[in-house]
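Below is one structure, written out as structure tokens, with a few remarks after it.
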Amino acid sequence: MTEHRTAARRPPAGRLDHDRAVVLDWLREYVGAPSEHLGRPGPVCPFIPAALNADTVRLSFHYGVDARDGDELHRLVSAELREFKATTEPPKSSGVSLDGLLVVLPDAAEEGWRRIDQTYGALKDLAVDAGLMIGQFHPACTEPAVHNAAFRVSRSPIALYAVRYMAPHDSLFLHAERRWFEKYRARFPVQARSAAADGPVRPRALPARSHNPRRGK
């Protein structure tokens, strides 16, 4: 069974089971399945089918967190990143690990979703520095698919962050900022040379980082 735990406030009776079922259905039916909108074959996340079969996806539910406080988000996710690194084995020689973590925020609503987007860049800095990848997901997320910019790939029924180890194919997701790609290059030099041979790194525009997570506004 996929590991799960709750943090902070305990949910009302029955809610954890419901929310857990919603998240697992989303993983199986959407993230682990193909989509005609992706612009490529295969599931939305190629890791998820094998990870679910291997029971290596952890679910960490945080009730009572509405995600409107950027400083709280920064502390919460930073702690989750540290624990994930401390309690999982690093990738083998292939560079691929099936270990994954979902940090689930069932009480986040629209204002919280906006703050999740605003603080995402700073949290991705932390994750990439640690050799990890992080993605933000919520019902109104506008993050596009790599191969189809019109497809809002990162939408989920409940707000959450997805965390896993950096993998060889992640050059696709680390071109947005030069420092991210340099971390990738240090970890996967052969793959980085191949990515560079396909063309120069061209950072794409990111939303302005108007939020300073140290100030919480």
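The values are calculated or read from the model by the stated rules, or taken from the named source; none is laboratory data. A quick note: this is a predicted structure, and the numbers were derived from the prediction, not measured. Please note: Cβ atoms are built from the backbone with ideal geometry, for glycine as well, and neighbour counts cover all protein chains shown. Please note that ligands, DNA and RNA were not included when accessible areas were found on the heavy atoms of the full protein model with its side chains. Shrake-Rupley method; radii C 1.70, N 1.55, O 1.52, S 1.80 Å.
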Selected from Gln191, Gln118, Gln136 as most flexible by GNM, with the chain as the system and alpha-carbon contacts under 10 Å: Gln191
Highest-fluctuation residue, Glu177, Glu83, Glu110 considered, GNM on the chain with Cα pairs under 10 Å: Glu83
Portion, in percent, of the accessible area of the range 88-164 that falls on carbon or sulfur, probe 1.4 Å: 52
Accessible area (Å², per residue) of the range 1-116, counting only protein heavy atoms and a probe of 1.4 Å: 52
Ratio Rg/Rh, restricted to the chain and using Cα atoms, in which Rh is the Kirkwood radius: 0.94
Given charges at Cβ of Lys, Arg, Asp, Glu: the chain dipole, positive-most of His74, Trp113, Pro43: His74
